[in-house]
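The values are calculated or read from the model by the stated rules, or taken from the named source; none is laboratory data. Worth saying up front: this structure is predicted, and the values here are computed from it rather than measured. Here the Cβ positions follow ideal geometry from the backbone for every residue, glycine too, while neighbour counts run over all protein chains shown. Each accessible area value is taken on the protein alone, full model and side chains, heavy atoms only, with ligands, DNA and RNA left out. Shrake-Rupley method; radii C 1.70, N 1.55, O 1.52, S 1.80 Å.
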Amino acid sequence: MGDSPGDKPYEQISEELIAERARQQAQKEAEELWKQKEAEITKKFRDAMAKEKAKTVAEKWKIETEDRKAKLMEEKIQEELKKREEEERQRGEEQIRQQEELRAKELYLSLKQAQQHSQHNEHEDEEWKEQLRRSKAADEERSHKARRARDEYRRQSLRAIQKGKVAGLSNLFKGTSLNNEPVIKLNSNNPSPLMTLTAPARKAWERPSRPNSREILIHWFKEEQLPRRAGFERNTCAVAPWFHGIISRQEAEELLMNKSEGAFLVRVSEKIWGYALSYRQRSGFKHFLVDASGDFYSFLGVDPNRHATLTDLIDFHKEEIITSSGGELLLEPCGQRKNPPDYSSLFE
């Protein structure tokens, strides 16, 4: 070894063996190192994949959780909306029910008022007819008394003429027309002592069948009621505290609104020839018509008593009730609120 010409030297062979051995050892170590590296790489990417998968799972769980939460929230919102819808529906039904009840009451009151108005109108017509009947009877009675007075006067005058107690009385009758028209007649034979002078009288007041205007009512009061002292206190020139002018039923009730039971006032009626007595009762008002078309004052339809003056009627019912069912006593006169008073046009 080493002696032949083609043989390698020992050192060379030793070097090659060492190199081979080193290569093999390095290869082995490289293989081990690769295995270790491969294991590390595998582990690294396995861990990365595991983390990614865990992340994906976590995100998926999160999404599912959020979905569940969102679903629960949606269900909760839907339940809340359904609850609100039901509450709103109930409130709407309750509101409609209340409106229905209120409307029913309004319609009832409206129909009731219409019925009462119709009955009131019928009642007023009956009262007016009753007053008209009384007025005609009173006119006939006055005409009958007037005829009897004229006949009696003529009989007495003729008797006086026949007895010669009244000088020139026959000439006086000749100067007076049968229809009672005023004339001026002068006896030419003896002008001074036998001159008969009758001043022209104003046209007699003719009352219409029923009041038709405020002016007619004022004229009626001045012509027929002032001479009878209607509205005055007894034995004085002061207007009674309970007397009012031509005011409406509503105005009378407003005056009596804050008064106690038994308060009253008397106003000129716009429906009949007479007055309306407005009375405050415990739960409302009453209105009584007073007929003044004849020579007396009396309630229409409730009290047959006749009174010579309006004040007599009021004083009487301060002690005696108007109706047995209502027990109305006139306790407190309701006076004026306005200045000038509402009756001022009647006394101008």
Handout entry: Ranked by how many other beta carbons lie within 10 Å on average, peptides 25-31, 340-346, 297-303 from highest
Key = 297-303, 340-346, 25-31
Completion exercise
Between the modelled labels at ARG103 and GLU319 (7 Å from Cα along Cα→Cβ) the distance in nm is 5.9 nm
Handout entry: Quotient of C-alpha Rg and 2.2 N^0.38 Å, computed over the stretch 1-93
Key = 3.10
Handout entry: Gained length - GLU348 relative to SER248, 0.36 nm times residue gap less alpha-carbon distance
Key = 34.0 nm
Practice task
Note down the accessible area of MET73, probe 1.4 Å, to the nearest 10 Å².
Solution key: 110 Å²
Fill in the blank from the handout: Length gained if GLN25 through TRP61 is fully extended, taking 0.36 nm per residue and subtracting the Cα-Cα distance, is 7.8 nm
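Could you pull out the pairs from LYS35/LYS62; LYS51/LYS76; LYS222/LYS338; LYS286/LYS338; LYS271/LYS338 whose alpha carbons sit more than 27 Å apart here?
Correct reply: LYS35/LYS62; LYS51/LYS76.
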Fill in the blank from the handout: Semi-axes a, b, c in Å (a largest) for the stretch 208-291, each sqrt of 5 times a Cα gyration tensor eigenvalue, come to 23, 16, 9
Fill in the blank from the handout: Here the averaged projected area of the stretch 228-348, based on the convex hull of its alpha-carbon atoms and given in nm², is 7.3 nm²
Practice task
Obtain the nm distance between the two label points defined at THR236 and GLU38 by a simple spin-label model: each point lies 7 Å from its Cα along the Cα-to-C-beta direction.
Solution key: 14.0 nm
